[in-house]
Every structure is written in structure tokens, then in C-alpha cells.
Amino acid sequence: MTFDVYDTTLRDGAQQEGMSLSVEDKLRIAALLAELGVGYVEGGWPGANPKDTAFFARAREELDLGATTLVAFGATRRAGARAADDPQVRALLDAGTSAVTIVAKSHARHVELALRTTPEENLAMVSDTIAHLVAQGRTVFLDAEHFFDGWFETPGYGLQVLDAAADAGAEVIALCDTNGGMLPHQVAEVTAEVVAHAATRGIRVGAHMHNDTGCAVANSLAAVRAGASHVQGCVNGYGERTGNADLVTVVADLVLKMDVPVLGRDRLVEATRIAHQISETTNVAPFTKAPYVGASAFAHKAGLHASAIRVDPNLYQHIDPLSIGNDMRMLVSDMAGRASIELKGRELGFDLAGDDAALTRVVTRVKALEQAGWTFEAADASFALLLHEEVGAGRPAHFQVESWRAFIEHRSVTAGLDPAPTSEATVKLMAGGARVVSTGEGNGPVNALDAALRGALLPAYPELKALELTDYRVRILDSSHGTDAITRVLIDTTDGVHTWTTVGVAPNLVEASWQALVDGITYGLLLAGVAQR
């Protein structure tokens, strides 16, 4: 049976609040989607959006999507016009794609109130537009907008739209839960009836689900079980309001849980990497708890879970994470037991099996630090340095800090000076056999400290040029103490290949930041295999 996986990240997903994709972004994402192996990539709405028009023009010259088909999206002709004369229909043809998706109203009340035309004219608009596109050699899909709401509120009209599309030559009618208000049992019931009717008209049925009830993935799977053979969605669940069905989750469920081979398993193992690369391109942080591909999808914290996983990982994992390109992670926290520490140590290159004394030391220290406000479940690099101190050869000593200081100067406008505050920091340390004093400026005390520390270390360790801070997060742990509260700082650092997180905790924000900064640089030198100089 033919089954289509259809991605609409570049059109419906791009309607997410705060997201703005350039043409280059869209070209990059389209190539990644083809790498994942989806059958169709909806590129946007040419003619209605100049950026999308430019995308299709460049895609013809620059993209080789292999077996993946690029799709142009648009609407039916205007009421009272001819499809052949409609400029937006012409823009769809000018996009040069072999497949086109047309959106049409399938809810009679929407036709009358939103389109301000009659249900009969809407059917003519569907028929005329599809027939014209098919005559021009295009494969046509129809997105039946508000289909499920219309099914219950204006019974029978949705099937009239289906009949008009089928008679005009459309291959698929995608039933859209445009408002996202349906539940799985409703979707299953309606889809089963529509599939039975569609079989008599030679058209296949698809599903396009929004997530306003939190059921977009479940509704997509319900539609497939009811006979739909075309499923639409967005990578990472992007989309307007609460988003569209997360296409990666839908595909993984179909392949791994329902044995519907919509993608080869050799493609599925790339899903985590591709989902994260698309997140980087959209500049929307990956959702750590995303099913299958999230950083927390196979992360284990409780000691009871860790004890069981040590015996058999499948006892607390529903699939092998490698099948989706992810991996198991052990989290170290105040809930950690000896098994958690042993497994996390193994993950970081320390064999603690059978070393009861070492395990006891590490567990005791972790619990004491967590009680004081530290957290290691999100700071693997700081925990790795702790293991070096407790069970390794000791904490790497690439440099020894003598002292540091940082201050902010705010100058008075009335004195005729630039009122913008300036930050300056000084670091004194030993590195490379020499005492170094370095001063740095920045847009805040932490930035200035980072500049001063790097300035002091670069002559001895030029490898630090590759390191870059990518994120900085602060949490106040006991807010009832006001400005005297304990502060926790987490810093992400990257060398362009790996990213690691370090933690600092102190009553002073700058001191906590300094701890995390030093750990980040120390771990980066350790990871790069740089010898102490």
C-alpha cells in the first residue's frame, strides 16, 4: 500500500510564534528532511509570500532532494473567477514543483462566513482549481480545512468536498483538525467512515493534526489505524498555537510500535541528529523531553531505575535508544544511589564496579553538594571533574588561580560621561610555568571574567581559541533570602564538536559564575587531551 510521510515544517511549522526562517534556513531544512527520508516536503506558499517565492526559485537550482518531492502550497481560486486566470494558482505552477497542495474549506459555515461565498461555489472552486493543476501535469493533494469540526456541525458537506476533489483528479484528501480540538476516538470514527467512502471514489485519505488538546500525535496514529495512508506533521512539533503533530514522533511510533514501514530504519537512526540540527537552524531550543529524540527521553535519575538498568536496560526503556539515534543517560542527583553513580561513571570512562569505597565516597559527596544547592544531572562536565578528584588521578591542574576580581562602573550622565556601565575583571594565575596577570573588559562582570581568564591562559594553551560559551543560566535557590540568596549558575561550552555543561553555586552570582567558567575551561582542556604545561 502507498503511504506518504508529508512534512510541513517550512510552511505550517514556520507559523510558530517567534520563528522567522530565511530562504537559506529553508533550503538547509529541506535538505535535512530529505536526508531523513520523508516523501514530501511542503516548501511554502509561492505568490502569497515573497520569501517563499524566492525559496522555490532557488530550490530548483540548488536542491537535490533525491526521492523526496518538494511541494508548493496554495489555496483554491477565488470565488467567481477561473483557475486559469487566478494569479495565485499561476504562482503555484510557476514554483515548478511536480506536486501541489491546495487548501479548501470543508466546513459549510466557514465557507459562508470566511470565504463569503456559497457552499456550491466553494465546490466549484475546489473542482476547477484541481482540474486545472492536474491538466498542467501536477500531482494534487487537498488539505480539507476544518474537516472534523465540519463533520459534526455541517454534516455531509465534507464528503461533497471529497467527491469534488476526487472527480477533479486529486490523489489525497488530508482531513485537517485545524482547530486541534479533536480526540483520538473522534478522529478514528470519522476517518474510518471517510476512508470507506473514499475507496469508492478512488482517492486516498490523509491526516493533518494540530495539538491544541495535546493529542496531535495520538490523533495521527488513530487516523492511520482507521485507514489513512498519508500523514502530515512538523519536525519538533512546530506550528501555530500549540503546534502540529510532531512528525518524528509519529514516524517513530509507526515504524517501531505499529510496524508500518513508512521510513527505513536506516533513516530513523538519523532522526535525533536531524531533529537537533533543525532546532539549531530555527533557533528554537530543542525540547529536552521530546519523545524519542529529546535529551531526557532516555535519561534515568532514580536509584531504583539505575539498579534495574544495570541488569538490563530494557527494564526501564521502551526501545533501544540507538534505534532512533539517541542514547541512554544516567543522571546524578541527590536521588542517586550506588548503581546510578557506577553507571554514570562508566559513561564518563570510570570503572567503579566493585570499588565500594570509591562509590561510597562519591555518593556521600554528591548528596552533600546537592544539599548545598549543587546539581549534577545537568552538569556532566562538573561531575566528571569530581570523579577525577575522588577516584582518578586528581583534578587536572592546567593552571592555578592566585586571585580574581571584577567590578562594574556606572558613570553619571550629569558629568557628561557615557552612562553605559562598563565591566572590568583582573585574573592572576600560574600557567605554563609563569605568573600571569590578565585584565578583561565585557558587557558584564561574568563576560569580563571570561575575557580575563582566557587572556591569561591563551599563551600557554592556544587550544582554548576553539572554546565558546553557548548558554548561561541562573537560578536563585532560596528566593526568600532576597539579594542574599544562594545562586546556581549553569554554563554550556562547546569546542564546535562537543558541548558540555558545568555548574557553580555560591551566595554571590559572580563567584558561582567563576566556578562554572573554570570548570568549563578545565574540562575542555581535558577533553582535548591537552597536557598540563
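The values are calculated or read from the model by the stated rules, or taken from the named source; none is laboratory data. Just so we're clear, the structure is a prediction, and the values are computed from it rather than from any experiment. No Cβ is skipped: glycine too gets one built from the backbone with ideal geometry, and neighbour counts run over all protein chains shown. Ligands, DNA and RNA are stripped out before the accessible areas are found, and what is left, the full protein with its side chains, is counted by its heavy atoms. Shrake-Rupley method; radii C 1.70, N 1.55, O 1.52, S 1.80 Å.
The angle between the Cα long axis of helix 119-135 and the longest principal axis of the Cα atoms of the chain comes to about 80 degrees, rounded to the nearest 10.
Spin-label pair residue 167-residue 356: with each label point 7 Å from Cα along the Cα-Cβ axis, the two points sit 8.3 nm from one another. Rounded to the nearest 10 degrees, what's the angle between the helix 445-457 long axis and the longest principal axis of the chain, both from Cα atoms, 0 to 90? Tilt relative to the chain: about 60 degrees. Positive-end ranking of 207, 392, 30 along the dipole of the chain, with charges on Cβ about the Cα centre, is headed by 392.
Calculate what fraction, in whole %, of the accessible area of the chain sits on carbon and sulfur atoms when a 1.4 Å probe is rolled over the protein chains. Result for the chain: 51 percent of the exposed heavy-atom area is carbon or sulfur.
Taken one residue at a time, the phi angles of the range 357-369 give Karplus couplings (6.51, -1.76, 1.60, θ = phi - 60°) of 5, 5, 4, 5, 4, 5, 4, 4, 5, 4, 5, 5, 5 Hz. Gly and Pro are set to x.
What does the charge count around residue 445 come to, taking other residues whose C-beta lies under 13 Å from its C-beta (Lys +1, Arg +1, Asp -1, Glu -1)?
-4
For the Cα atoms of the chain, what angle does the longest principal axis make with the long axis of helix 380-391, in degrees from 0 to 90, nearest 10? That helix lies at roughly 40 degrees to the long axis.
Find the relative contact order for the chain and round it to a whole percent, using C-alpha pairs within less than 8 Å whose residues are 6+ positions apart.
9 percent.
Accessible surface computed residue by residue for the range 42-100, with neighbouring protein chains in place and a 1.4 Å probe, gives 45 Å² per residue.
Taking amide H as placed 1.01 Å from N in the peptide plane, the amide H of residue 75 sits under 5 Å from that of 103, each at least 5 places away or on another chain. 3J(HN,Hα) along the range 163-178: 4, 5, 5, 5, 5, 7, x, 5, 8, 9, 10, 8, 7, 9, 8, 4 Hz, from the Karplus curve 6.51 cos²θ - 1.76 cosθ + 1.60 with θ = phi - 60°, whole Hz, x for Gly and Pro. Whole-Hz Karplus values for the range 395-406 come out as 5, x, 10, 5, 7, 10, 7, 8, 6, 8, 8, 8 Hz, taken residue by residue from phi with 6.51 cos²θ - 1.76 cosθ + 1.60 and θ = phi - 60°; glycine and proline positions read x. Of the peptides 85-93, 220-228, 277-285, 381-389, the ranking by mean beta-carbon count within 10 Å, highest at the top, reads 220-228, 381-389, 85-93, 277-285. Evaluate the Debye formula for the chain with equal point scatterers sitting on the alpha carbons, no solvent, and hand back log10 of I(q)/I(0) at q = 0.09 Å⁻¹, in q order, two decimals. Rounded to two decimals, the profile gives -0.79.
Think of the range 7-125 as a dipole: +1 on every Lys or Arg Cβ, -1 on every Asp or Glu Cβ, centred on the Cα centre; then among 73, 110, 14, 110 lies furthest on the positive end. For the chain, the antiparallel share of DSSP beta bridges with both residues in that region comes to about 50%.
Computed from the Cβ-Cβ distance with R0 of 60 Å, the FRET efficiency linking residue 134 to residue 458 stands at 0.40.
Sort out for me the Cα centre separation of the range 260-279 from the range 422-482, rounded to whole Å. Here the two parts' Cα centres lie 39 Å apart. From helices alone, the chain scores -11500 deg cm²/dmol at 222 nm; the rule is -39500 (n - 2.57) for each run of n ≥ 4 DSSP H residues, then divide by the residue total. The slack between residue 1 and residue 441, meaning 0.36 nm per residue of separation minus the straight C-alpha distance, is 152.0 nm. Amide H to amide H distances under 5 Å link residue 242 with 211, where only residues 5 or more positions off or on other chains count and H is placed in the peptide plane. For the range 238-303, the relative contact order comes to 20 percent (Cα pairs under 8 Å, sequence separation of at least 6). From the alpha carbon centroid of the range 52-86 to that of the range 150-206 is 24 Å.
Note on the range 96-135 and the range 485-533: Cα centroid distance 57 Å, given to the nearest whole angstrom. Highest average first, the peptides 56-63, 430-437 ordered by how many other beta carbon atoms sit within 10 Å of their residues are 56-63, 430-437. Note on the chain: with charges restricted to the Cβ of Lys and Arg (+1) and Asp and Glu (-1), its dipole about the Cα centre is near 680 debye.
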